[in-house]
1. Peptides 182-188, 72-78, 297-303: what's the order by average Cβ count within 10 Å, highest mean first?
2. Taking the Cα centre of region 79-217 as the origin, how large is its charge dipole in debye, to the nearest 20, when only Lys and Arg (+1) and Asp and Glu (-1) carry charge on their Cβ atoms?
3. Work through the residues other than K307 whose Cβ is under 14 Å from its Cβ and net out their charges, Lys, Arg +1 and Asp, Glu -1.
4. Between L256, S46, L228, whose Cα lies farthest towards the positive end of the dipole of the chain when Lys and Arg beta carbons carry +1 and Asp and Glu beta carbons carry -1, centred on the Cα centre?
5. By how many nm would the segment from S41 to A211 lengthen if fully extended, with 0.36 nm per residue of separation less the alpha-carbon distance?
6. Dipole of region 6-149, Cα-centred, from +1 at each Lys and Arg C-beta and -1 at each Asp and Glu C-beta, to the nearest 20 debye?
7. If you take the charge dipole of region 152-213 about its Cα centre, with +1 on Lys and Arg Cβ and -1 on Asp and Glu Cβ, which of A180, G212, L196 is farthest toward its positive end?
8. If you take Cα Rg over 2.2 N^0.38 Å from the coordinates, which of [x] 1.15; [y] 0.97; [z] 1.25 do you get?
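Bear in mind that the values in this text are calculations on the coordinates, not laboratory data. Source: prediction; values computed, not measured. Here Cβ is always computed from backbone atoms with ideal geometry, including for glycine, and neighbour counts include all displayed protein chains.
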Amino acid sequence: MSVPYTHWFIRARLKTRQLLLLVAMDEEGNIHRAAQVLNMSQPAASKLLKDLEDALGAQLFERLPRGVRPTWYGETMIRHARMALASLSQAHDEIEALKSGRFGQVSVGAITTPGMTLMPAAIALVKQEHPSLRVAVQIETSDVLMERLQQGKLDMMVGRLFETHDKTALRYQPLVEEPASAVARPGHPLLAMPKLCLRDLVSAGWIVPPAGSVLRHRFELMFREEGLEPPVNLIETAALLFTTRMLQQSDLLAVLAADVGRYYAEHGMAAVLPIQLPCKMDAYGLITRSDRLLSPAGRAMLEALRKAALSVNGVALEASP
């Protein structure tokens, strides 16, 4: 027996142009400019908006003297409109890929460490089985990746979940904790110093992550917990290419995730100081949406990540339900 479709958007005769209008009004801040962007008249745009507000029984935009501003109801609807439009766009891309004989495409994100260790291994695996699969990779902070995942711009990510993140529709599988290391240029005087301790590093110049980052907080905390004032001679940056270049031409030190420091040491671009820092970041993990079905390409990428996690991190991730 078939189930009748009683969704509100069917009763309201929701139109794709209404979703486009919501996003355009949010970006333009003005219904006249939004109508121009969508190549429609302002009266037509106003009617589309009114019909949607009547169907929802809520005002979506506050009218201002020089434009409009989303209400809380509007912000909610705009967020879901973006996701719906992104999903429709992906559906078109997948169909076009299948029509042209390609397997499809998948977008994945990772923070730096798994971006250098786990992600290359996983992509190598999936490309062996599906050479025509288009893989887009983004290396960013967890906050940036999480926003893109929730907007539908990423199919999955490897990063951290913070208290500020809305976890309602997320599936998180932890991988590994991330220790930190202190690195310097090859030949740095501190490399030959016996029994190196934190006190020996206080007066050094440091390249550190920007304030507010997890690693920066843990870096300062480890000195305070040893009864020391954190270093004050600092350069703040998240750019690894700049960091390695500065290390090579100065006596500065840098605090990096241990896997990242080891990678640069293996390639002769830096050396890891002989000290175990009492500093590590929370575990990162594989994060997917539980309210969204993955495409065949997405499922293939997820399976490759599972295999790579076992070989690279020694972690057996559960199969996606």
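1. 297-303, 182-188, 72-78
2. Dipole size: approximately 160 debye.
3. On the way: positive: K127, R299, R306; negative: E129, E303, E318.
Residues near K307 contribute 0 overall.
4. Of the candidates, S46 comes out farthest on the positive side.
5. Gain on stretching S41 to A211: 56.5 nm.
6. Computed charge dipole of region 6-149: roughly 440 debye.
7. L196
8. Identified label for the calculated read-out: [z].
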